[in-house]
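Participant: Here it is, the structure, as structure tokens.
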Amino acid sequence: MTTFRDRSRRTTTGLNRKGGGGARGSWSDEVRIPNLPPKTDGIPLLFINGDYVNPQTDDGGTWDEHAPYYVYLQAKAVIREGNTLQGMRTDCVPGAWKRPEGYPQADSRVYDQGHKPHTIWGWLKSKGDSRVGFSTRAAFNVIDLRPHHEVPKLDKEGHIVKFTHGEKAGTPVMERKPCEGEDCEHCADDIKVTVGRKGYLDVGSKHRDEIMDLELLVDDYCRACQEGEISRVAFICPECNEVMIDLTEAKLKADEEERIYLGGMKCPNCKTPKALPIEEVECSKCKNPSRATLADVVFFARKTGKDKDTSIGAFRKGLNARGWMWLTEYELSNGELLASDVDVKTDDGTVSVTYAFDKSVKEMLRPYDFSTMRGVGVPGQKNKNIAKFLGVSGLPDELQDEEGDDDGDGEESGNKGGGSQRRPQGRFSGRRTGASTRY
């Protein structure tokens, strides 16, 4: 059985590197996968093929060139009385990791040796404040394909949230809410139904790996013909481009094959030690073999379990327990197919797949530039507000907020609630076949 691994560094094509210039989003764009009972359909999600440069957060010595998700360090301050949650504040932590040697871009998440920034979170932790904790988070680009209603956003007291400055000052902030079906209050108010909602998933490392593991459900299917099954036929050396092992003749056991793929081997041709092989694959039905990725299907995603012991998976009744559909099979709430056609091209062994998306979805396909998003890539809270929340005084001078610091980004501010080296950092884009999803 195959496992998810880093396809990105073995493909010759892909999306443009995300160093900036992506769509700017807000913390309020977060999509939450619901916790549902067994045998309950998940929500339909389309994963957008993001492309991010991320520092390795385990040892700080390397980085992932083309990860499909954005990594950041989240700080959390929690106040409880007994087992009752009284309040919580979360924010991203700048300068969380040491800059790896040769790191290719300017990045607020890393610091140069000897210049680690002093944050309020580090200061609180140094004072022994047990209410403060840290966790590594991953942000995935998604489209929630459920039908939605566009309605004014409400605060916790039920008041309409309005833009506080800019051209939209004084006007309501609009947001999309999922249609609730027969008992939907927005349907009762005759509010128009819209197709889907662009957003992002913000998850910890366990749920990140479970999302990436969803690809195990599809990666033995060919996305070019959507009929055939994919099989490996050879391992190719990434250095000399010669065959390392002809798998049709070697007849390796599945676990040994995986061990070589994940751990590498000495190339018998150029003698490169521990060369991580590129796989060459075949399709049982077509001449354009290309493994399906998370971005080639709609997953019916859900959480199961209780409290902190939850897992992310995919399930929908009537789909032979697959939990997913091809993009060209999924019908939107407007009656149109999510993707009406798929165009497959092969150039020098590289297979590219282009989908003809419905126009209502096509406008939502641009990945976020998370480096500009409050609470994810940019701190979204003032130090004085965090200190006030925790009842802390005596902030050092270097942690005093600068004059003119803003607590919002054009709309009334809110707070986002708490929410080893292998080949995991995801794929979404091809192995030897150089497969890439073109939007």
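Participant: With C286, C270 as the choices, which residue is assigned to a loop (DSSP other than H, G, I, E, B), in contact with a strand residue (DSSP E or B) (Cβ under 7 Å, 6 or more places away or on another chain) and not hydroxyl-bearing (S, T, Y)? Give the derivation first.
Facilitator: Values: C270 fails: in contact with a strand residue (DSSP E or B) (Cβ under 7 Å, 6 or more places away or on another chain).
Among C286, C270, only C286 is assigned to a loop (DSSP other than H, G, I, E, B), in contact with a strand residue (DSSP E or B) (Cβ under 7 Å, 6 or more places away or on another chain) and not hydroxyl-bearing (S, T, Y).
Participant: If I ask for residues that are within 28 Å of the chain's Cα centre (by Cα) and within 12 Å of E239 (Cα to Cα), which ones from the stretch 249-276 would you list?
Facilitator: If the condition is that a residue be within 28 Å of the chain's Cα centre (by Cα) and within 12 Å of E239 (Cα to Cα), then L276 is the only one that fits.
Participant: Any idea which of V93, V78, V53 is under 12 Å from T136 (Cα atoms), in the same structural domain as G181 (by TED's automatic domain parsing) and among the hydrophobic types (A, V, I, L, M, F, W, C)? Break it down stepwise before answering.
Facilitator: On the way: V78 fails: under 12 Å from T136 (Cα atoms); V53 fails: under 12 Å from T136 (Cα atoms).
Of V93, V78, V53, the one residue that is under 12 Å from T136 (Cα atoms), in the same structural domain as G181 (by TED's automatic domain parsing) and among the hydrophobic types (A, V, I, L, M, F, W, C) is V93.
Participant: Could you count how many residues in the stretch 117-163 are of a type in the set (G, A, S), surrounded by fewer than 18 Cβ atoms within 10 Å (Cβ to Cβ) and not in a strand (DSSP E or B)?
Facilitator: The first filter runs over the stretch 117-163 and keeps only residues of a type in the set (G, A, S), leaving 122, 126, 128, 130, 133, 135, 138-139, 158.
This time we only want the ones that are surrounded by fewer than 18 Cβ atoms within 10 Å (Cβ to Cβ), so: 126, 128, 130, 133, 135, 158.
From what is left, the residues that are not in a strand (DSSP E or B) are 126, 128, 130, 158.
The qualifying residues number 4.
For (1) touching a Ser or Thr at 6+ places or on another chain (Cβ under 8 Å); (2) crowded, with 18+ Cβ neighbours inside 10 Å; (3) within 24 Å of K198 (Cβ to Cβ), each residue gets a yes or a no:
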{"site": "C283", "(1), (2), (3)": "yes, yes, no"}
{"site": "R316", "(1), (2), (3)": "no, yes, yes"}
{"site": "E336", "(1), (2), (3)": "yes, no, yes"}
{"site": "D343", "(1), (2), (3)": "yes, no, yes"}
{"site": "Y368", "(1), (2), (3)": "no, yes, yes"}
{"site": "M373", "(1), (2), (3)": "yes, yes, yes"}
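Participant: So, of the residues in the stretch 58-72 that are crowded, with 18+ Cβ neighbours inside 10 Å and out of contact with any helix residue (DSSP H, G or I) (no Cβ under 8 Å at 6 or more places or on another chain), which turns out to be farthest from G380 (Cα to Cα)?
Facilitator: Initial filter on the stretch 58-72 (crowded, with 18+ Cβ neighbours inside 10 Å): 63-64, 66-72.
Then drop every residue that is not out of contact with any helix residue (DSSP H, G or I) (no Cβ under 8 Å at 6 or more places or on another chain), which leaves 63, 71.
Working: W63: 25, V71: 17 Å.
Ranking the qualifying residues of the stretch 58-72, first place goes to W63.
Participant: Scan (1) modelled with pLDDT under 95; (2) more than 30 Å from K127 (Cβ to Cβ) for the single condition E403 breaks and write down its number.
Facilitator: Only one criterion is unmet by E403, namely (2).
Participant: Which of the residues spanning the stretch 49-91 are touching a Lys or Arg at 6+ places or on another chain (Cβ under 8 Å) and part of a loop (DSSP other than H, G, I, E, B)?
Facilitator: Answer for the stretch 49-91, where residues must be touching a Lys or Arg at 6+ places or on another chain (Cβ under 8 Å) and part of a loop (DSSP other than H, G, I, E, B): G50, D51, G60, P68.
The rows are residues; the columns are (1) modelled with pLDDT of 95 or more; (2) over 22 Å from P367 (Cβ atoms); (3) in a loop (DSSP other than H, G, I, E, B).
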site	(1), (2), (3)
E175	no, no, no
I191	no, yes, yes
R197	no, no, no
H207	yes, no, no
D219	no, no, yes
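The values are calculated or read from the model by the stated rules, or taken from the named source; none is laboratory data. Since the structure is predicted, the reported quantities are computational estimates derived from the model, not experimental observations. Reconstructed Cβ throughout: ideal geometry from the backbone, glycine too, with neighbour counts over all protein chains shown.
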